[in-house]
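Below you'll find the structure, written out as structure tokens, and then a few comments.
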Amino acid sequence: MTSSNVSPALRSHLLRGTVRHRRSRPVVYELDHRVFYFALDLSELDEVTRGLRLVSRNRRNVFSFRDVDHLVPPEAGTERNVEAEVLAHLRAEGFEPDGWQITLITNLRTLGYVFNPASFFLCRDDSGELRVVLVEVHNTFGDRIVYTLRPEARGSGHWDGMDKEMYVSPFIGMDASYRVRVQDDPGGVRIAIAEDEQGAPVLTASLVLRRVPLTDRSLLRMLASVPFVTHKTIAAIHLHALRLWLRGVSFHRRSEVTE
């Protein structure tokens with residue numbers, strides 16, 4: 001099993017590193033966790049799953065990529081294809097993405113379960129320049145939203161911001177906004193997100209990730225070092241929420257901010 005791997009000519013790979021959060025008010029609260037992600041070139045999805053025994057597309061396996069897990073779902077019963085939907089989204093936003101390379105940074109279903117607080121579509125044009133980043137945010141109620149981010153200037157590592165449009169955390173209200181910085185280079189990927197509430201900083205989050213070849217052997221090592229990564233994500237969300245509540249941080253119910 002461990003000898004299987006995707007072709008070295010493919011761009012898809014793994015990313016391994018650390019996620020960090022720091023809340024600055026009304027209490028200081030910090031956390032960090034080891035994580036790993038898949039970095040999948042959307043044009044290679046079928047080739048990747050053919051080359052690996054542990055990964056499948058739209059069927060059960062140790063790791064499973066499901067098209068229905070991404071983007072805002074169309075009408076029930078519609079056949080899903082993430083690559084086609086991303087290209088359609090980019091065209092609707094005024095881009096001409098023919099020939100673009102789109103890399104999705106995300107977790108796959110692991111032993112049948114997935115929860116991705118945020119996934120990132122890194123969209124490079126035919127010259128290799130990172131032109132657009134789509135940030136797909138999920139909350140624990142099953143809602144999802146896609147934000148379209150543009151760089152402040154061509155070639156800039158400083159990226160766009162967006163107003164909060166979907167309930168995510170019970171400890172931050174809807175009068176909030178995000179600023180995002182993305183760096184994607186040969187050494188790895190670094191993503192920083194700063195969240196303001198009512199115009200004042202409240203939370204920073206970062207992902208610092210290095211590249212790892214995508215092989216069955218690497219996946220087994222990831223399972224050993226960061227087991228049940230998607231299960232741990234949802235468990236950690238509830239654990240840290242409990243700790244914040246016990247510290248007296250104001251709680252915003254979803255019904256109070258979405259009605």
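The values are calculated or read from the model by the stated rules, or taken from the named source; none is laboratory data. Just so we're clear, the structure is a prediction, and the values are computed from it rather than from any experiment. Note that we place each Cβ from the backbone using ideal geometry, even for glycine, and neighbour counts take in every protein chain shown.
Key figures for this structure:
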| quantity | calculated |
| --- | --- |
| Residue among 201, 117, 151 that alone is surrounded by 17 or more Cβ atoms within 10 Å (Cβ to Cβ) and more than 26 Å from residue 65 (Cα to Cα) | 151 |
| Candidate set: the range 63-111, residues that are assigned to a helix (DSSP H, G or I) and among the hydrophobic types (A, V, I, L, M, F, W, C); chosen: the one surrounded by the fewest Cβ atoms within 10 Å (Cβ to Cβ) | 92 |
| Criterion (modelled with pLDDT under 95 and either β-branched (Val, Ile, Thr) or in contact with a Lys or Arg (Cβ under 7 Å, 6 or more places away or on another chain) (or both)) met by exactly one of 62, 72 | 72 |
| Cβ pairs under 6 Å, 6+ apart, first in the range 202-218 and closer than 19 Å to residue 169 by Cα, second assigned to a strand (DSSP E or B) and acidic (Asp, Glu) | 202/195; 203/195 |
| Residue satisfying all of: in the range 81-109; among the aliphatic types (A, V, I, L, M) and without any contact (Cβ under 8 Å) to a residue 24 or more places away in the chain; farthest from residue 38 (Cα to Cα) among these | 92 |
| When residues of the range 21-47 are limited to those that are of a type in the set (Asp, Glu) and without any contact (Cβ under 8 Å) to a residue 24 or more places away in the chain, the one farthest from residue 57 (Cα to Cα) | 30 |
